[in-house]
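*Asks:* I have a structure here, written as structure tokens, and I will follow up with some questions on it.
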Amino acid sequence: MPSPLLNLADELRTIIVDIIERDDIHDVVNLSSTCRSYRNILVPKLFQTVILRNSEKSGQAIKEFFRSKNSIFVRNLHYKGKSYLPPDHILGPSEKEIDTSGDIPETILSDATREILSDLKSFSNLEQLIIEFEWDDEQLSWAFYHFDEDETVHQTNERESKDAWRALMAKTYAAIGTNKATSKIKSLEFRNVLPKVPSSWKSADFIEFLGSVLEFKISIYAMENGVGWCMNTNEGYFTFLYDIGRRLTTHLDTVETLSIAANDYGPIGSEGIRHMPSFLRLESMPKLKYLNLQYFILDLPLIRFIESHIDVLEGINLEDCYAAVSNGLAEAGIPWKDFFDRITAKQPTKLKLLAINPATVKMPWGNVCEDEEDDEEYINGKALLDSGRKPFSYGYLVSTDCCKSLYVS
């Protein structure tokens, strides 16, 4: 007996599929196996995203998929490269305990996978490319000092010829660079990027490829060494951030949406010891409409960049961003008030959204720091809150809620 679900209009069945898809894509796969009617509806969703790995097996499987009629449904290609990350010279285990896993720089990126990344137009409707490298958590825990020092061009080339993980990154970016501006990629994302600049970021082909995308996202992986020293204690980290501005964002000529995410082990912005000023250049990204930043500290370079794009910006979203006006290691801190005043003074005509998240901030009532109850700022702030004013408690970059400065909008 036919299922009553088959009697529903296609629009209603599509709504059901959307609800199921939000919970688990495997449920969509199961539903597509029930009958031809649902499979016809679900095929575009099932093949919307394809995952590619750096192994020959994965590359050959995707090449075979190229020849199927379902390849026209692919909108997103998610590349996941994986390699052994060796220990650094300080934190790592002894050589007797190291498993090198047999990774070889010359073959770490398979020929089949390289061919796919080098010819993205083979997917006729591909819109998004995600580049992600998967690192083992234990290996990351002993890799902190790989990012300690700057490298010369010669040193970078030498490491990429000897270390498989460095070779994998360099070869991957070189492969996608060969597409130049011929691909139809609209969205490009580099996910969980380790702070080492691959030599291929400097190539003319890679730069030309960047100049054709409409959306660019990059998330930076930073860590600590196990005893409290964060990534922003490494000089090599600052060089990496500088090169993002010099090698990546400055060449995004057509980009309309930019998203940059750091984390709390390596926030970006401000001046002084263990700080790196924001690296966005005033003349870059002339068509930028939407700016999304995470773990940035307000500083003059960031404000000037926003001011220089105020006539085209339609949305600014700041997630976990701070004013470091009382941080002893930061200099020239910019208060939130100054940030708002300078944007307002420009009288933006296109700006529709200015979001600062998270929207709900846990206040320190009942868990106050020593002597805080006698602090004038605390008393005045709580009085304003009690009168019905809304809290805006972003202030100082500290780790405990009870020590955050209270700002009231």
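Every number in this text was worked out from the coordinates using simple rules, so none of it is lab data. In this text, all values refer to a predicted model and were calculated from it rather than measured experimentally. As a convention, Cβ positions derive from the backbone with ideal geometry for all residues, glycine included, and neighbour counts pool all protein chains shown.
*Asks:* With labels modelled as points extended 7 Å from the Cα through the Cβ direction, what inter-label distance (nm, one decimal) is found for PHE340 paired with ASP386?
*Replies:* In this crude label model, PHE340 to ASP386 measures out at 2.3 nm.
*Asks:* Okay, moving on. What net charge is computed for the residues neighbouring GLY272, neighbours being all others with C-beta under 13 Å from the C-beta of GLY272, Lys and Arg scored +1, Asp and Glu -1? Each step should come with its number before you reach the end.
*Replies:* Details: positive: ARG274; negative: GLU271, ASP299, GLU331.
Net of charged neighbours comes to -2.
*Asks:* For segment 47-266, give me the percentage of DSSP beta bridges that are antiparallel, rounded to the nearest 5 percent. Before the final figure, lay out the partial values.
*Replies:* Working: 1 of 28 bridges.
Counting DSSP beta bridges with both partners in segment 47-266, the antiparallel share is about 5 percent.
*Asks:* Further question on the same structure: Could you let me know the centre-to-centre spacing of segment 206-255 and segment 107-171, using Cα atoms, in angstrom?
*Replies:* Here the two parts' Cα centres lie 14 Å apart.
*Asks:* Oh, and also: Cross-link list LYS171/LYS202; LYS63/LYS196; LYS289/LYS346; LYS287/LYS346; LYS63/LYS121: which exceed 20 angstrom alpha carbon to alpha carbon?
*Replies:* Working: LYS171/LYS202 13 Å; LYS63/LYS196 30 Å; LYS289/LYS346 16 Å; LYS287/LYS346 18 Å; LYS63/LYS121 13 Å.
From LYS171/LYS202; LYS63/LYS196; LYS289/LYS346; LYS287/LYS346; LYS63/LYS121, over 20 Å: LYS63/LYS196.
*Asks:* What spacing in nm lies between the two simple spin-label points modelled at SER68 and ASP148, each 7 Å away from Cα in the Cβ direction?
*Replies:* That separation, rounded to one decimal, is 4.9 nm.
*Asks:* Where does the charge balance sit around ASN157 when Lys and Arg score +1, Asp and Glu -1, over other residues with C-beta under 15 Å from its C-beta? Show your work: numbers first, answer last.
*Replies:* Details: positive: ARG159, LYS162, ARG166, LYS171, LYS196, LYS202; negative: GLU106, ASP150, GLU151, GLU158, GLU160, ASP163.
The answer is 0.
*Asks:* OK, next. Length gain on complete extension for the stretch GLU115 to VAL312, per 0.36 nm per residue less the alpha carbon to alpha carbon distance? Could the numbers behind the result be given before it?
*Replies:* Working: separation 197, 0.36 × 197 = 70.92 nm, distance 3.81 nm.
The GLU115-VAL312 span can extend by a further 67.1 nm.
*Asks:* How much length is gained on full extension from LEU46 to TYR242, taking 0.36 nm per residue of separation minus their Cα-Cα distance? Could you put the intermediate results ahead of the total?
*Replies:* Numbers: separation 196, 0.36 × 196 = 70.56 nm, distance 3.97 nm.
Gain on stretching LEU46 to TYR242: 66.6 nm.
*Asks:* Calculate, for GLU319 and ARG39, the FRET efficiency according to 1/(1 + (r/R0)^6) with r their C-beta to C-beta distance and R0 45 Å; round to the nearest 0.05. List each step's numbers first, then the result.
*Replies:* Numbers: r = 39 Å, r/R0 = 0.87.
The calculated FRET efficiency here is 0.70.
*Asks:* Using a cut-off of 14 Å between beta-carbons, work out the net charge of the residues near LYS217 (Lys and Arg +1, Asp and Glu -1, LYS217 not included). Please report the intermediate quantities before stating the final value.
*Replies:* Numbers: positive: LYS186, ARG191; negative: GLU127, GLU132, GLU189, GLU215, GLU256, GLU319.
Taking every Cβ under 14 Å from that of LYS217, the sum is -4.
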